[in-house]
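Q: Before anything else, here's the structure in question.
Read-outs throughout are calculated quantities, based only on the coordinates presented, and are distinct from any laboratory measurement. Note that the coordinates shown come from a computational prediction; the quantities given were computed from them, not determined experimentally. Ideal geometry is used to build each Cβ from the backbone, glycine not excepted, and the neighbour counts take in all protein chains shown.
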Amino acid sequence: MSSAYQQLSAIFQRLSRFSHLSAIAGCDMQTTMPPGGSRARGEALAEMSVLQHEILTDKRVGDLIQEAEQQSLNDVDRANLLEIRRAYQQATLLPASLVEAKSIAGSHCEHAWRQQRPANDWKGFSANLKEVVRLSREEAQLRADANGSSRYDALLDVFEPGMTSAKLDSTFGELKTWLPDLLQQVVEKQSQQEIIHPKGPFPVNAQRELGLDIMKVLGFDFNHGRLDVSAHPFCGGVPEDVRITTRYNENEFLSAMMGVIHETGHARYEQNLPQQWRGQPVALARSTAIHESQSLFMEMQLGRSREFLQRMLPQVKIQMGDQPALQSDNFVRLTQQVKPGYIRVDADELSYPAHVVLRYEIERALIEGEIEVDDIPALWDEKMQQSLGIDTRGNYRDGCMQDIHWTDGAFGYFPTYTLGAMYAAQLFQAVKKAIPQLSELIREGDLQPVFNWLQQNIWQHGSRFSTEQLLLNATGEALNPHYFRQHLEQRYLHN
């Protein structure tokens, strides 16, 4: 007879296959599904969520976990059992009716957002968002009651286990003491530089080909993934079938190009998670911030470096056509240009943390009940004025309606972007220490040593270690935001 642990493994293998189908159906929903399919797809995904929830919350699973904890297990199986218990505890907190209601409300809000955002329709959007917030608060309260935390910390823990708003307040509070001044210094410095902007149009097909060229250089496995188009760039699917997307603008190509590099970072992590543990929670990505560290490692640390940009410039010229703006130094200045703007996903890496801190502060207050949905636009404008000097009054499309995350109740997600940037800077510093000839290798396009380092230190471990332990093993220390500041100052003030 199978042991308790073996029975649990079989249950989670089954859940993994259901998750596979949900992930692919979700990707299709955001890329190729016709608008008329929205309602039926949302209901089908909700039904799948309920089915998985019922399997996971079966009392038998809890009994098997208790039995398995008495078994003699190796380190990996013990780590997997820890993740199984965490998944079970998280799921049993929520009634199936709430899981279903939240899934349907999220699908409805997200699909309506696609038309409401271009129309600047805050009134229509906010009506849907209020239901998502109501259900998210209900979920947060259930989670908070179970672990004795605040409502927001309970949701934050879903995305970033072990992280708290107290730690974020300290980390982001310190960031806010130096970032505005650095931003001002860099903007002033760059105002004295002449930058030639590329002249379009840049056909979508040419931009797509450039993206595919870059994905090849970054080692993307096209036998297990593809590139599509969506309203909001994302990486989805499953390790065996990773779907990444970008969006194109024929008037400029850098946004799509950098979007592809970013999502390829996510994809490389997914494609290289431990195959021998597939179907088990321990084989999944460690945390949302670690996932983001992989995309920002590729986009910010590597992709916007002078060496990588010069390596890719010949391909850029082939696809976009040669012109003065694509002279080497100017091309580097273009991609390293700091210019505070409305849109988070298009923001430079210096402005980006300000976008994240703004969202963190608003969503925390929203979940804690300190503000309501109707308060968001005014707060958004106030914080954008303070941090970036930008007026968003009446411009909901480029303000509080620009992101997709709140539409499906992903509260607690936004902080992981800047945590990921900090992890990425620390990891890249460790790579430079491990590979002294790194700059030369990047210029030559030989990135395999970098990928080998990531495979050895991050990718192959899945969720075997906690985030803190994974970072400690890879870099020799826990999170140290100093490396992020050092990176920004070196690239934008001293380069």
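Q: Provide the per-residue ³J(HN,Hα) series for region 175-190, in order, calculated from phi with Karplus coefficients 6.51, -1.76, 1.60 and θ = phi - 60°, each as a whole number of Hz, with x at glycine and proline positions.
A: Going residue by residue, I get 4, 5, 7, 10, 5, x, 5, 4, 4, 5, 4, 5, 4, 5, 4, 6 Hz, with x marking Gly and Pro.
Q: With Cβ to Cβ distances under 15 Å as the rule, what net charge do the other residues near residue 33 carry (K, R +1; D, E -1)? Before the final figure, lay out each step's value.
A: Details: positive: 39, 41, 114, 243; negative: 28, 43, 110, 228.
Around residue 33, the charge tally is 0.
Q: Based on DSSP H runs of at least 4 residues, each adding -39500 (n - 2.57), what is the mean residue ellipticity at 222 nm of the chain after dividing by all its residues, to the nearest 500 deg cm²/dmol?
A: The per-residue figure over the chain is -20500 deg cm²/dmol.
Q: I would also like to ask the following. Counting pairs of Cα atoms in region 400-495, how many percent are more than 19 Å apart? Walk me through the intermediate numbers first.
A: On the way: 2470 of 4560 pairs.
Taking all Cα-Cα pairs of region 400-495, the fraction more than 19 Å apart is 54 percent.
Q: While we're on this one: Mind listing the phi-derived Karplus ³J(HN,Hα) values for region 112-129, rounded to whole Hz, using 6.51, -1.76 and 1.60 with θ = phi - 60°, and x for any glycine or proline?
A: 5, 4, 4, 8, 6, 5, x, 7, 6, 8, 5, 4, x, 5, 5, 4, 6, 5
Q: On a 0 to 90° scale, report how tilted helix 376-388 is relative to the longest principal axis of the chain, with both axes built from alpha carbons and the result rounded to the nearest 10.
A: Helix 376-388 sits roughly 40 degrees off the main axis of the chain.
Q: Once the Cβ-Cβ distance between residue 405 and residue 73 is put in as r, and R0 is 35 Å, what FRET efficiency do you end up with, to the nearest 0.05?
A: 0.45
Q: Follow-up. Using θ = phi - 60° and the Karplus relation 6.51 cos²θ - 1.76 cosθ + 1.60, list the HN-Hα couplings for region 274-279 in order, rounded to whole Hz, with x at every Gly or Pro.
A: 3J(HN,Hα) across region 274-279, in whole Hz: x, 5, 5, 10, 3, x.
Q: Express in nm, to one decimal, how much length is gained between residue 96 and residue 382 on full extension, taking 0.36 nm for each residue of separation and deducting their alpha carbon distance.
A: Stretched fully, the residue 96-residue 382 segment lengthens by 99.1 nm.
Q: While we're here: Non-local amide H neighbours of residue 237 (under 5 Å, H modeled in plane, Pro and chain starts lacking H): which ones?
A: 27, 243
Q: For the chain, find the longest principal axis of its Cα atoms and tell me its angle to the long axis of helix 306-320, 0 to 90°, nearest 10.
A: 80
Q: Only counting other Cβ atoms within 10 Å, I'd like 368, 160, 444 sorted with the fewest neighbours first. Walk me through the numbers before you get to the answer.
A: On the way: 368 16, 160 23, 444 11.
Arranged by neighbour count, lowest to highest, 368, 160, 444 become 444, 368, 160.
Q: I'd like the FRET efficiency for residue 221 and residue 44, computed as 1/(1 + (r/R0)^6) with the beta carbon distance as r and R0 of 30 Å, rounded to 0.05.
A: 0.55
Q: Just want the ordering: 65, 84, from fewest to most Cβ atoms lying within 10 Å of their own Cβ. Write out the running numbers ahead of the final one.
A: On the way: 65 18, 84 24.
Fewest-to-most Cβ neighbours within 10 Å comes out as 65, 84.
Q: Next up: Quick one: P(r) of region 99-227 from all Cα-Cα pairs, 10 Å bins, percents rounded to integers, in order of increasing distance.
A: Binned Cα distances yield the sequence 10, 16, 20, 36, 17, 2.
Q: Considering Cα pairs under 8 angstrom that are at least six residues apart, work out the relative contact order of the chain and quote it in whole percent.
A: Relative contact order here is 19 percent.
Q: To continue, here is another question. Just from the alpha-carbon atoms, what are the Rg and Dmax of region 4-148 in angstroms?
A: Radius of gyration, then largest Cα-Cα span, for region 4-148: 18.2, 59 Å.
Q: Net charge near residue 245: determine it from the other residues with C-beta under 10 Å of the C-beta of residue 245, scoring Lys and Arg +1 and Asp and Glu -1.
A: With Lys, Arg at +1 and Asp, Glu at -1, the neighbours total +1.
Q: With viscosity set to 1.567 mPa s and temperature to 4 °C, compute the Stokes-Einstein D of the chain, Rh being the Kirkwood radius across alpha carbon pairs; µm²/s, no decimals.
A: Approximately 55 µm²/s, per Stokes-Einstein.
Q: Sticking with this structure for a sec: Mind giving me the nanometre distance, one decimal, between the label points for residue 147 and residue 490, set 7 Å out from Cα along Cα→Cβ?
A: Calculated label separation equals 3.4 nm.
Q: Could you work out the local net charge near residue 101, counting Lys and Arg as +1, Asp and Glu as -1, over the other residues with Cβ closer than 11 Å to its Cβ? Let's see the in-between values first.
A: Details: positive: 102, 134; negative: 100, 131, 138, 139.
Summing Lys and Arg as +1 and Asp and Glu as -1 gives -2.
Q: Another one. What do you get for the angle between helix 415-434 and the principal long axis of the chain? Use alpha-carbon atoms, 0 to 90 degrees, nearest ten.
A: Its long axis makes an angle of about 70 degrees.
Q: Does a label point 7 Å from the Cα of residue 196, set along Cα-to-beta-carbon, have any residues of region 321-348 with amide nitrogen under 16 Å, and which are they?
A: 321-335
Q: Taking the dipole about the Cα centre of the chain, with the C-beta of Lys and Arg at +1 and of Asp and Glu at -1, give me whichever of 427, 400, 379 is farthest to the positive side.
A: Checking the options against the dipole of the chain, the answer is 427.
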